[in-house]
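Chemist: Pasting a structure below so you can have a look.
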Number of protein chains: 2
Amino acid sequence: MTDPRAERLAAVLVQYSTSIQPGDLVAIQGMPEAAPLLLAIYEEVLRAGGHPHLLVGLPGAEEAFFRLASDAQLEFVSPLNRLVIEQFDALISVRSDRNTRELSGIDPARQRRRSQAMSPLLKTYLQRGAAGELKWVATQYPTAAYAQEADMSLRDYEEFVYGACFCNGDNAVARWQEVHQRQQRLVEWLKGKREVRINGAYADLTLSIEGRVFINCDGRNNMPDGEIFTGPVEDSARGWVRFTYPAVTGGREVEGVELWFEDGRVVRATARKNEEYLLQMLEADPGARYLGEFAFGTNAGIRRFTKNILFDEKIGGSFHLALGAGYPETGSRNESAIHWDMICDMREGGEVWVDGELFYRDGEFVV
Amino acid sequence: MTDPRAERLAAVLVQYSTSIQPGDLVAIQGMPEAAPLLLAIYEEVLRAGGHPHLLVGLPGAEEAFFRLASDAQLEFVSPLNRLVIEQFDALISVRSDRNTRELSGIDPARQRRRSQAMSPLLKTYLQRGAAGELKWVATQYPTAAYAQEADMSLRDYEEFVYGACFCNGDNAVARWQEVHQRQQRLVEWLKGKREVRINGAYADLTLSIEGRVFINCDGRNNMPDGEIFTGPVEDSARGWVRFTYPAVTGGREVEGVELWFEDGRVVRATARKNEEYLLQMLEADPGARYLGEFAFGTNAGIRRFTKNILFDEKIGGSFHLALGAGYPETGSRNESAIHWDMICDMREGGEVWVDGELFYRDGEFVV
């Protein structure tokens, strides 16, 4: 018998996140590690009247590809990938690595070459997604590799993942509908507002959100989810912030990051550990010193940091900023090759004021 | 490290069976049970300059499909299947069941409905295959399920499978090139011949092969392989045969089958076990009482019967007949919904005469 939590997660992904309809062409992507969840999704899609297609990879294949492929092979875009991205109605991706460091030995230049070749298809994917033609959601199966990354036993990590997806109990779909409504009220309240001030032991920072849109991340594209975010006005940030959690990217952790902003730009940056890497990243391109995102994490089922951005950025009672590329749908115009999320816990004290009104205190919304 | 036998089998499939060329679109089908072989094939295709696509299923998905699918879902032909069959250059299928009885509880009518929906695509597959546009090969990974079916330990069964594919030693590709040449000489010798007479403790049977073509099964479409076959003239068989191995089909075994032919037609049939089933099958349609195939198995690496037609029909020193549908490329015109292979060991005595010349004795070709 399948873990009932995996069956509940499958129901959320198919009934709520992608809302599969009769006749929908549905791709289900993942690795054999996630077989119980993939199979539960497959069955849910059949019950919804859709046409499920399992696109299952094998551990080691991606590493073999990057190790062996010629330039022509690296740059080849398969008609099979095209078909799924250009014509399918839904794509349910289940992250399910057996080893999170599988590509450690691969030359990043080869990965970049591959990414460049795939970027037109990525653009189609995002465009069809924004137009509502392609429903997509990314989730994660609790594999031993992710548990290890989070310094947890597999059993505890399963509880953590399913808890974050509200799949430990029977009313998972209803819980996500509530998240949608609760966040929608916040997003509505923020419409037309101009200035955000973050205040506390870890920050004294002002941002403009004038003309910008907050997005309700309610479990349609990410599972778990629980976030509202926008792109701040590019030249507006001023002040200081110290991130309480390590900033993780490209397999590296930078601890104790502190940033100082003037006219939107990072003018000073320090870190307790791996400061050199932080400074390098800021030099990636001109946009790397500007903010692309400002967001609140709202998921009360995520209480701890696990070095995994799908979960960390949604920690209930945190806010995060991202250096680099913004999301155009927020109104952001910042462009960069990087998008680096850095997260700050507010549960132990801190306030956010919006246009002079107290909006958020000690990790809770107060409006 | 991958089992070197799986790496040799991958080399045979890619270098010899399908002869993958730079730029070829290659589908690699199988189940996660066969991951070591699938991955070795994936790497070989990359080395050959092809574009490998893993099409990996999950145990349980097919059963779930047949259990849950509506008629519309059963009859749906996916554009993804179409793409592979209509446009790919090669298809390497690795049978790799975790349970050979997985579909035991499924209503055969649902399977038939599915087969009917897929039959135009199957036709395209065979047509493109015959035209050399789609190179295809079917092989099998030694899973525990097949070992169990064969009454063998997994270790012994691996030896059996890789031995049958000549992959226990280093010169696997060269061995298959030799098979091609040896069988080609036999096929050439048989050209223009008219009459076959099988004689011995198990048979006294005469067939006409006038105007018919023998096909050299040299490892291009099956791995293992080792067979030459034709379709006998439909109304020519006369005499008697007793098959030394059980006739297996649809999960049933009929033991000790004996058939009597007059003017090509089975006029009497008996069996030691499951005779009733044999008689039922003969009533399937008019073509079911006529022969669609006459063949010699030539694979010296296959010495024993394992209830698996991919291997059994190639037992070195055996011949087999099939009741029902013939292969048009041989000249056969027999049509039927069934194609039931029945195998007879000739190693313990028996002769085959062709146009009055001794062609085969005690399991060996003598020309």
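Chemist: Quick one: among A:Trp136, A:Trp353, A:Trp176, which has the greatest mean-square fluctuation in a GNM of chain A with alpha-carbon springs under 10 angstrom?
Modeler: Greatest mean-square fluctuation among the candidates belongs to A:Trp353.
Chemist: Another question, then. Calculate the dipole size of the stretch B:4-126 relative to its Cα centre from +1 charges on Lys and Arg beta carbons and -1 charges on Asp and Glu beta carbons; express the result in debye to the nearest 20.
Modeler: 280 debye
Chemist: Any idea what the relative contact order of chain B is, in percent, if you count C-alpha pairs under 8 Å spaced at least 6 apart?
Modeler: 13 percent
Chemist: Only protein chains counted, 1.4 angstrom probe. Which residues of the stretch A:21-60 are at least 40 Å² less accessible in the assembly than when their chain is isolated?
Modeler: Residues shielded by partner chains are A:Leu39, A:Tyr42, A:Glu43, A:Leu46, A:His51, A:His53, A:Leu54, A:Val56, A:Leu58.
Chemist: Taking only protein heavy atoms and a 1.4 Å probe, what accessible area per residue, in Å², does the stretch A:4-170 have with all protein chains in place?
Modeler: Each residue of the stretch A:4-170 exposes 42 Å² on average to a 1.4 Å probe.
Chemist: Tilt of helix A:108-130 relative to the longest C-alpha principal axis of chain A, in degrees (0 to 90, nearest 10)?
Modeler: So the helix axis and the longest Cα principal axis differ by about 90 degrees.
Chemist: What relative contact order, as a whole-number percentage, does the stretch A:4-170 give when Cα pairs under 8 Å and 6 or more residues apart are counted?
Modeler: On the way: 236 pairs, mean separation 46.2, N = 167.
Answer for the stretch A:4-170 is 28 percent.
Chemist: Assigning unit charges at the beta carbon (Lys, Arg +1; Asp, Glu -1) and nothing else, what dipole magnitude in debye, to the nearest 20, does the protein assembly as shown show about its Cα centre?
Modeler: 440 debye
Chemist: Moving on to the next point. Kindly express, to the nearest 10 degrees and within the range 0 to 90, the angle between helix A:172-190's C-alpha long axis and the longest C-alpha principal axis of chain A.
Modeler: It is inclined by approximately 30 degrees.
Chemist: Over the stretch B:179-365, what is the relative contact order in percent, taking alpha-carbon pairs closer than 8 angstrom and at least six residues apart?
Modeler: On the way: 500 pairs, mean separation 40.1, N = 187.
It comes to 21 percent, rounded to a whole number.
Chemist: Roughly what % of DSSP beta bridges within the protein assembly as shown run antiparallel, to the nearest 5?
Modeler: 75 percent
Chemist: Output the residues of the stretch A:77-116 meeting this criterion: accessible area (heavy atoms, 1.4 Å probe) in the chain alone minus accessible area with all protein chains in place is 40 Å² or greater.
Modeler: A:Pro79, A:Leu80, A:Leu83
Chemist: Calculate the dipole size of chain B relative to its Cα centre from +1 charges on Lys and Arg beta carbons and -1 charges on Asp and Glu beta carbons; express the result in debye to the nearest 20.
Modeler: Once rounded to the nearest 20, the dipole reads 280 debye.
Chemist: In whole Hz and in residue order, list the ³J(HN,Hα) couplings for the stretch A:337-354 that follow from phi through the Karplus curve 6.51 cos²θ - 1.76 cosθ + 1.60, θ = phi - 60°; x for Gly and Pro.
Modeler: With coefficients 6.51, -1.76 and 1.60, one gets 6, 9, 8, 10, 7, 10, 10, 10, 6, 10, 5, 8, x, x, 9, 10, 9, 10 Hz.
Chemist: Can you tell me the orientation of helix A:154-164 relative to chain A, as the angle in degrees between its alpha-carbon axis and the longest Cα principal axis, to the nearest 10?
Modeler: 70 degrees
Chemist: Given a 1.4 Å probe and every protein chain left where it sits, what share in percent of the accessible area of chain B is carbon and sulfur?
Modeler: 46 percent
Chemist: Buried accessible area between A and B (1.4 Å probe, both chains summed, ligands and nucleic acids excluded), in Å² to the nearest 100? Don't jump to the answer; show the numbers that get you there.
Modeler: On the way: alone 17140 and 17110 Å², together 31480 Å².
Summing both chains' loss of accessible area gives about 2800 Å².
Chemist: Please calculate how many Å² of accessible area the stretch A:217-265 carries per residue, with a 1.4 Å probe and no DNA, RNA or ligand atoms counted.
Modeler: 36 Å²
Chemist: As a quick test, which of the pairs A:Lys191/A:Lys273; B:Lys191/B:Lys314; A:Lys135/A:Lys191; B:Lys193/B:Lys307; B:Lys135/B:Lys314 have an alpha carbon distance above 29 angstrom in this structure?
Modeler: A:Lys191/A:Lys273; B:Lys193/B:Lys307
Chemist: Follow-up. With r as the distance between the Cβ atoms of B:Thr2 and A:Val77 and R0 = 22 Å, compute the FRET efficiency 1/(1 + (r/R0)^6) and round to 0.05.
Modeler: The pair A:Val77/B:Thr2 has a calculated efficiency of 0.15.
Chemist: While we're looking at this one, here's another question. Looking at chain B as a GNM with Cα springs under 10 Å, which of B:Asn308, B:Asn334, B:Asn222 has the largest mean-square fluctuation?
Modeler: Its mean-square fluctuation being the largest, the pick is B:Asn308.
Chemist: Can you give the accessible area of A:Glu195, probe radius 1.4 Å, in Å² rounded to 10?
Modeler: Result for A:Glu195: roughly 80 Å² accessible.
Chemist: Label-to-label distances across copies for B:Gly192, with labels 7 Å out along Cα→Cβ, in nm, shortest first?
Modeler: Nearest to farthest, the other copies are at 9.8 nm.
Chemist: Select from A:Asp89, A:Asp156, A:Asp218 the residue whose mean-square fluctuation is largest in a Gaussian network model of chain A (Cα-Cα springs shorter than 10 Å).
Modeler: With Cα springs under 10 Å in chain A, the top fluctuation among A:Asp89, A:Asp156, A:Asp218 is at A:Asp156.
Chemist: Please go through the stretch B:271-330 and write out the GluC sites (Glu not before Pro) that DSSP classes as loop and that have at most 16 other C-beta atoms within 10 Å.
Modeler: Details: sites: B:Glu275, B:Glu276, B:Glu283, B:Glu293, B:Glu313, B:Glu329; in loops: B:Glu283, B:Glu313.
When the GluC sites (Glu not before Pro) of the stretch B:271-330 are filtered for loop state and at most 16 Cβ neighbours within 10 Å, B:Glu283 remain.
The values are calculated or read from the model by the stated rules, or taken from the named source; none is laboratory data. Treat the numbers as computed from the prediction; the structure is a model and nothing was measured. Positions of Cβ are backbone-derived with ideal geometry, glycine not excepted, and every protein chain shown enters the neighbour counts. Please note that ligands, DNA and RNA were not included when accessible areas were found on the heavy atoms of the full protein model with its side chains. Shrake-Rupley method; radii C 1.70, N 1.55, O 1.52, S 1.80 Å.
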